[in-house]
There are 2 protein chains.
Amino acid sequence: MAGKTYEHISPENARKLATVILAKAKFSEDQASSMIQNMIDAQAQECHSHGLYRLIDCYNAAKSGQINLTAQPVVTDHAPSVVKVDACQGNSLLAFKSGLGLLTQKARANGIAAMAINNSFHYSALWWEVELISDLGLVALAMSPTLPFVAPYGGIKPLLGTNPMAFSWPRPGGDPYTFDFATSASARGEIEIRRRRGETLPPEWAIDSEGNPTTDAERAMSGALLPFGKHKGSAISIMVELLAGPLIGDLLSCQTAPLNSSDTKNITHGELVIVLDPARFGVSFEAAEGLFQDIEAQGARLPSQRRRAAKRRSDKEGLLISSELLVELEQLAKG
Amino acid sequence: MAGKTYEHISPENARKLATVILAKAKFSEDQASSMIQNMIDAQAQECHSHGLYRLIDCYNAAKSGQINLTAQPVVTDHAPSVVKVDACQGNSLLAFKSGLGLLTQKARANGIAAMAINNSFHYSALWWEVELISDLGLVALAMSPTLPFVAPYGGIKPLLGTNPMAFSWPRPGGDPYTFDFATSASARGEIEIRRRRGETLPPEWAIDSEGNPTTDAERAMSGALLPFGKHKGSAISIMVELLAGPLIGDLLSCQTAPLNSSDTKNITHGELVIVLDPARFGVSFEAAEGLFQDIEAQGARLPSQRRRAAKRRSDKEGLLISSELLVELEQLAKG
């Protein structure tokens, strides 16, 4: 955040601003409302890369004509434990919310259920989705392919997405145990930031365009990211591709292209969400709490604590936002 | 393998030898038969740590009185998409095989199903189980807690198991895409080997008993292993603990103890297997094949290739076994 100034905006004002911008972009009210809630929650938890900043992406996506601004997702009761939702080239969040009721009903009835979302424009972090599920007392695992910036371990060029995977476990009376991360060693955005600052990269983040390991951010940008955790992370990333791509009849990361690129590839893709009902498996929440206590007692942190601390600050002080971004959004709203 | 001599044994002779040893240990025929097939398959694929060598472990487990040698697993149709199997302190493999029919039936009927195995003595690699499932055209994900040798990321002492996770995707007409690995950066056995050889460890494998990073194998053995992939691997390891422990009402790794230790903790624990039927999700196997081709075309390897090559050798030449182990097993059979 060096050099940037920040200020606060109330959730109400953020909502108004987002509503104006997404209406201007011609998103339907249904499409816009889940996006707005998601962005405000991300901003409140200081996930700036998935917060109000994404209004600009979504505005641009709308203007590019590559997505369906008024899509009404089609929910299909596909099998006793499978919900399929066709996002119809609209945003993933309305599709997710449209199928969520049937998904959780199936999980509670059958013990485990899955939701496959197809043809969705996906900009949001998965923690938001899995935490909507753990808030209902259910366990969730979600994954999605993304843009092909990552070389498989031992490979030399981009093929896999940064393929995030998120998991949330409900903790009665407390915040859930949630993780949500890319299966790449770093985000492309982090490499871009270091490139601009002229900083070198940690080893094992990236390779150059010839497939050689590099700590040079410039070379990394024209090469490829690497998976986290060497061959193991790579294998998990491939699993994400398979389960949220071919399994559900949707695209691989390498069949998608960034928004506004001249590439004719699709910008929409799939997502898979698996939900387990602990009550149908004979859960012991106390045993889980014992594990969390033991982890924290030895000084290790549970994931997502930074988000939680930010949320507590935001609840008191409003949403932290960079002044530069706020000006940009206000101009977009007026323009 | 330095310094060791190897020879070949036919699968038939290996089977005879294993049958004598496990009968001598007083395993029931049902218990023994799935263990024997598993060990022979592991030996054929040169997974020596899970091959015939395990006859010694299983013999010792039997003699220790800590496991049930004649257990008949109890399969419960627990929920429409959930099978529970109580291994009754017997080996995990008979429990797995006992529930497999109902599990795959549920997965085909409902699209996704899960099997929770409780109270099982677990010595085998998970790839064997997930590949039995992918051989049926289904997708499988399996996980299990193990002995507490691993510190959580940022922690200072052992708490988590090496918590393996295995996944298998059926490839029509070919070997499945399978991975199976510990969520620790290394196996405890690998550290023990380096300790004996006086070799140092790669960084990020282990910490000493004070929680400081160490490359000294001796100090690592009295300290803790580290998860693979830093905080991400650690988060996944915790997920394995939760899903194959508290979720199914079974133990955490830290509630189990090694065979023959003076510790009074249990040596049996749980396992979770999730199965998806691709036909119920709208699969495109061709798209998956395209991904595998692209991975191999850039020189990266798919996981499990070493096992496959070993299997082809073993099919021709018989099972490779260390002469030292063969002598030990023959003595055990005679003794």
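The values are calculated or read from the model by the stated rules, or taken from the named source; none is laboratory data. If you're wondering where the values come from, they're calculated on a predicted model, not measured in any experiment. As a convention, Cβ positions derive from the backbone with ideal geometry for all residues, glycine included, and neighbour counts pool all protein chains shown. Please note that ligands, DNA and RNA were not included when accessible areas were found on the heavy atoms of the full protein model with its side chains. Shrake-Rupley method; radii C 1.70, N 1.55, O 1.52, S 1.80 Å.
So here's what we get for this one:
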{"quantity": "Antiparallel DSSP beta bridges within the stretch A:19-145, percent to nearest 5", "calculated": "45 percent"}
{"quantity": "Test item: B:177-185 mean partner chain Cβ contacts at 10 Å", "calculated": "3"}
{"quantity": "Inter-copy spacing of residue B:230 label points, which lie 7 Å from Cα along Cα→Cβ, given in nm from shortest upward", "calculated": "1.6"}
{"quantity": "Kirkwood estimate for the stretch B:238-313, i.e. one over the average of 1/r between Cα atoms, Å", "calculated": "16.7 Å"}
{"quantity": "Apportionment of accessible area to carbon and sulfur, chain B, percent (1.4 Å)", "calculated": "50 percent"}
{"quantity": "Pairwise label distance in nanometres, residue B:215 with residue B:109, each label 7 Å out on the Cα-Cβ vector", "calculated": "5.7 nm"}
{"quantity": "Dimensionless Rg ratio for the stretch A:201-241, taking C-alpha atoms and the 2.2 N^0.38 Å reference", "calculated": "1.18"}
{"quantity": "Cα-based reach from residue A:84 at 15 Å (exclusive), listing aspartates and glutamates while leaving out same-chain residues under 8 positions away", "calculated": "A:250, A:271, B:277"}
{"quantity": "Nitroxide proxy distance, nm - points 7 Å out along Cα→Cβ at residue A:196 and residue B:313", "calculated": "5.3 nm"}
{"quantity": "Estimated dipole of the protein assembly as shown in Debye, rounded to 20 [Cβ of Lys and Arg +1, of Asp and Glu -1, Cα centre]", "calculated": "60 debye"}
{"quantity": "Overall Cα dimensions of the stretch B:1-127 - principal axes, largest extent first, Å", "calculated": "53, 31, 24"}
{"quantity": "Neighbour-limited loop hits for trypsin sites (Lys or Arg not before Pro), the stretch A:214-275 (at most 14 other Cβ within 10 Å; DSSP other than H, G, I, E, B)", "calculated": "A:265"}
{"quantity": "Across the identical copies, how the residue A:74 labels are spaced - nm, sorted shortest first, 7 Å along Cα→Cβ", "calculated": "4.8"}
{"quantity": "Chain A - Rg and Dmax from Cα coordinates, angstrom", "calculated": "19.9, 56"}
{"quantity": "Relative contact order of chain A, defined on C-alpha pairs under 8 angstrom at six or more residues apart (%)", "calculated": "21 percent"}
{"quantity": "Beta carbon of chain A nearest to the axis of the rotation taking A to B, residue and angstrom distance", "calculated": "A:229, 1"}
{"quantity": "Three-way shape label, the protein assembly as shown, alpha-carbon gyration tensor, a/c 1.5", "calculated": "prolate"}
{"quantity": "Between A and B, accessible area buried - total, square angstrom, nearest 100, 1.4 angstrom probe", "calculated": "5400 Å²"}
{"quantity": "Computed helical MRE - 222 nm, chain A, DSSP H runs ≥ 4 contributing -39500 (n - 2.57), nearest 500", "calculated": "-13000 deg cm²/dmol"}
{"quantity": "Partners for residue B:26 among aspartates and glutamates (Cα-Cα distance below 18 Å; same-chain residues under 8 apart left out)", "calculated": "B:57, B:330"}
{"quantity": "Ratio Rg/Rh [Cα only; Rh per Kirkwood] for the stretch B:129-285", "calculated": "1.05"}
{"quantity": "Position residue B:316, label points 7 Å along Cα→Cβ, spacing to each other copy in nm (shortest first, one decimal)", "calculated": "7.2"}
{"quantity": "Long pairs among A:24/A:106; A:16/A:316; A:232/B:16; A:106/B:230; B:16/B:63, criterion Cα-Cα beyond 27 Å", "calculated": "A:24/A:106; A:232/B:16; A:106/B:230"}
{"quantity": "Accessible area (Å², per residue) of the protein assembly as shown, counting only protein heavy atoms and a probe of 1.4 Å", "calculated": "39 Å²"}
{"quantity": "Kirkwood-Stokes translational diffusion coefficient of the stretch B:70-217, alpha-carbon pairs, 25 °C, 0.890 mPa s, µm²/s", "calculated": "142 µm²/s"}
